[in-house]
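Novice: Got a structure here, written out as structure tokens. Questions coming.
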Amino acid sequence: LLHFARLKQWYQRRVRGLKCSAIRHLLNKIDGPNRSLHYEIVPYVTEVQNALHRAKTYIERIERKECSLPNTPLPCDPEPWVFQGGFGAELMRILPPEAFRTNETVLKRPVENPSAATCVYFVRPYCATDKDDLYRICLLNSDNGQDGSHLFPQHPDIIGDRGVGPYLEFAPDLAYVLTDDEGVCGYVLGVVNSQSFYEDVYKNWLPRMCAKYSAPSTDKAQWDSTDEVSNGFHNPPKVIIPECLRGPYPSHIKFNLLPRAQGKGMGGSLITCVLESLKRNGSRGVHLDISPDDIRYLNFYTSLGFSEITMPSPPLNQVFLGKAFCDEDEPIES
């Protein structure tokens, strides 16, 4: 009863309102010509916004009845609040202990980036209520990084069913999301064993998609974007992970950010979370593939410790990058 009374108390605080938007508006107001005053006030106001966003995130999880998440630690260590002062530390003392034991609040600090001073970003584990947001992000970046809604007017979920759904179905514990004041703005997905994952997709996912989406006509000239994706469900190519990946880099990840979250320095935080989770689950290493023309992402992944993998039969317009978690001769801890 005491537990539910505390939850009700926090929900009432949510109803009364945590003025994150007002704080963001204040930050915009003080961004004026007096730069000396600006640099003195911004750190304090940003810390206020940061603390309120933490409380808001916790209360929203109460509303979604997610107050009993698995007691597994985030890969990023929580920050030492006991050694910090100020408004943020005071709010952390008010939040109930279960908020930290069950990861109901996120544990990543926002990026320290002057251009992102009016926005606070958090990385947290995926939960089932995030599914629609992840599908939406997948759709909004489906046209070569641009909004692809016009390509799938009748079936907007089909691109998410292809690129996101299997990961949420078979490996939800290895999914993390990035949030800001507007909601979920990015995600990273991972699987420990890529070959087993694709076998699950063939056996348990594709039949459901074939029942959901009808097969396209045999006349490819009449196909639209939906037909092309649907054909991939009905006539999928057989995916066999080559030995050069299966041995040292058996895992793989997928990563996506909305434009408003790009260039803010949070991509590395997202990927670090899933890499640590994969390592903790016994993976020897992880791989991914990108276009050789995408210099920005090549440099980004290189900065995270990825390097190009020499493939026996290099695919066209595709570069495979890998990151090993341990030496090849080092046994994996069970």
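The values are calculated or read from the model by the stated rules, or taken from the named source; none is laboratory data. Fair warning: this is a prediction, and the values are worked out from it, not measured in the lab. Counting neighbours? That spans all protein chains shown, and the Cβs are built from the backbone with ideal geometry, glycine included. These area figures cover heavy atoms from the full protein model, side chains too; ligands, DNA and RNA do not enter into them. Shrake-Rupley method; radii C 1.70, N 1.55, O 1.52, S 1.80 Å.
Novice: Could you please tell me which pairs satisfy a Cβ distance under 6 Å, a separation of 6+ or placement on different chains, a first residue in region 158-184 that is within 16 Å of Ser194 (Cβ to Cβ), and a second residue that is not in a helix (DSSP H, G or I)?
Specialist: So the pair list comes out as Tyr167/Leu189; Ala171/Val191; Leu174/Gly190; Ala175/Tyr126; Ala175/Leu189.
Novice: Can you find even one residue in region 196-215 that is in a helix (DSSP H, G or I), within 22 Å of Val274 (Cα to Cα) and of a type in the set (Gly, Ala, Ser)?
Specialist: Going residue by residue through region 196-215, those that are in a helix (DSSP H, G or I) are 196-212.
From the residues that got through so far, the ones that are within 22 Å of Val274 (Cα to Cα) too are 196-201.
Next, only the ones that are of a type in the set (Gly, Ala, Ser) stay: 196.
Yes, region 196-215 contains at least one residue that is in a helix (DSSP H, G or I), within 22 Å of Val274 (Cα to Cα) and of a type in the set (Gly, Ala, Ser).
Novice: Residues to consider are Glu182, Glu169; find the one that is modelled with pLDDT under 90 and acidic (Asp, Glu). So that I can check it myself, show each step before the final result.
Specialist: Working: Glu169 fails: modelled with pLDDT under 90.
Just a single option satisfies the conditions, and that option is Glu182.
Novice: Suppose we filter region 139-183 for residues that are touching a helix residue (DSSP H, G or I) at 6+ places or on another chain (Cβ under 7 Å) and on the phi > 0 side of the Ramachandran plot; how many remain?
Specialist: Number of matching residues: 1.
Novice: Restricting attention to region 252-286, which residues are assigned to a strand (DSSP E or B), out of contact with any Ser or Thr (no Cβ under 6 Å at 6 or more places or on another chain) and touching a residue at least 60 places away in the same chain (Cβ under 8 Å)?
Specialist: Initially, region 252-286 is screened for residues assigned to a strand (DSSP E or B), giving 252-257, 285-286.
Now drop any that are not out of contact with any Ser or Thr (no Cβ under 6 Å at 6 or more places or on another chain), which leaves 253-257, 285.
Scanning region 252-286 gives Ile253, Lys254, Phe255, Asn256, Leu257.
Novice: Considering each of Arg124, Arg136, Arg101 in turn, give the residue that is at pLDDT 60 or above and open to solvent by 60 Å² or more (accessible area, probe 1.4 Å). Spell out how you get there, then give the answer.
Specialist: On the way: Arg124 fails: open to solvent by 60 Å² or more (accessible area, probe 1.4 Å); Arg101 fails: at pLDDT 60 or above.
Criteria check complete, one pass: Arg136.
Novice: Now a separate question. If you check Asp147, Asp181, which single one turns out to be open to solvent by 60 Å² or more (accessible area, probe 1.4 Å) and either under 24 Å from Gly268 (Cα atoms) or of a type in the set (Val, Ile, Thr) (or both)? Spell out the reasoning first.
Specialist: Working: Asp181 fails: open to solvent by 60 Å² or more (accessible area, probe 1.4 Å).
So the residue among Asp147, Asp181 that is open to solvent by 60 Å² or more (accessible area, probe 1.4 Å) and either under 24 Å from Gly268 (Cα atoms) or of a type in the set (Val, Ile, Thr) (or both) is Asp147.
Novice: Does region 177-188 include one or more residues that are hydrophobic (A, V, I, L, M, F, W, C) and under 18 Å from Val229 (Cβ atoms)? Lay out the reasoning, then the answer.
Specialist: Initially, region 177-188 is screened for residues hydrophobic (A, V, I, L, M, F, W, C), giving 177-178, 184-185, 188.
Remaining after also requiring under 18 Å from Val229 (Cβ atoms): none.
No, there is no match, as no residue in region 177-188 is hydrophobic (A, V, I, L, M, F, W, C) and under 18 Å from Val229 (Cβ atoms).
Novice: Looking at (1) assigned to a helix (DSSP H, G or I); (2) within 20 Å of Leu178 (Cβ to Cβ); (3) open to solvent by less than 20 Å² (accessible area, probe 1.4 Å), find the lone condition where Ser230 falls short.
Specialist: Unmet condition: (2).
Novice: When region 281-303 is examined, which residues are found to be closer than 20 Å to Val123 by Cα and exposed (fewer than 14 other Cβ atoms within 10 Å of the Cβ)?
Specialist: Residue satisfying the conditions is Ser303 alone.
Novice: Looking for something crowded, with 17+ Cβ neighbours inside 10 Å, assigned to a helix (DSSP H, G or I) and modelled with pLDDT of 95 or more - is there at least one such residue anywhere in region 152-159?
Specialist: Yes, region 152-159 contains at least one residue that is crowded, with 17+ Cβ neighbours inside 10 Å, assigned to a helix (DSSP H, G or I) and modelled with pLDDT of 95 or more.
Novice: Can you list residue pairs whose Cβ atoms sit under 6 Å apart, with the first residue in region 224-251 being over 20 Å from Glu308 (Cα atoms) and the second being small (Gly, Ala, Ser) and open to solvent by 20 Å² or more (accessible area, probe 1.4 Å)? Count only pairs 6 or more apart in sequence or on different chains.
Specialist: As it stands, the answer is His234/Ala215, since those pairs meet every condition given.
Novice: Test Asp289 against the stated conditions and say whether it is under 24 Å from Asp161 (Cβ atoms), part of a helix (DSSP H, G or I) and of a type in the set (Asp, Glu). Break it down into steps so the answer makes sense when it comes.
Specialist: On the way: under 24 Å from Asp161 (Cβ atoms): yes; part of a helix (DSSP H, G or I): no; of a type in the set (Asp, Glu): yes.
When the stated conditions are applied, Asp289 does not pass them.
Novice: Follow-up. Can you name the condition, by its number, that Ser115 falls short on among (1) at pLDDT below 95; (2) part of a helix (DSSP H, G or I); (3) within 18 Å of the chain's Cα centre (by Cα)?
Specialist: Here Ser115 meets the rest and fails (3).
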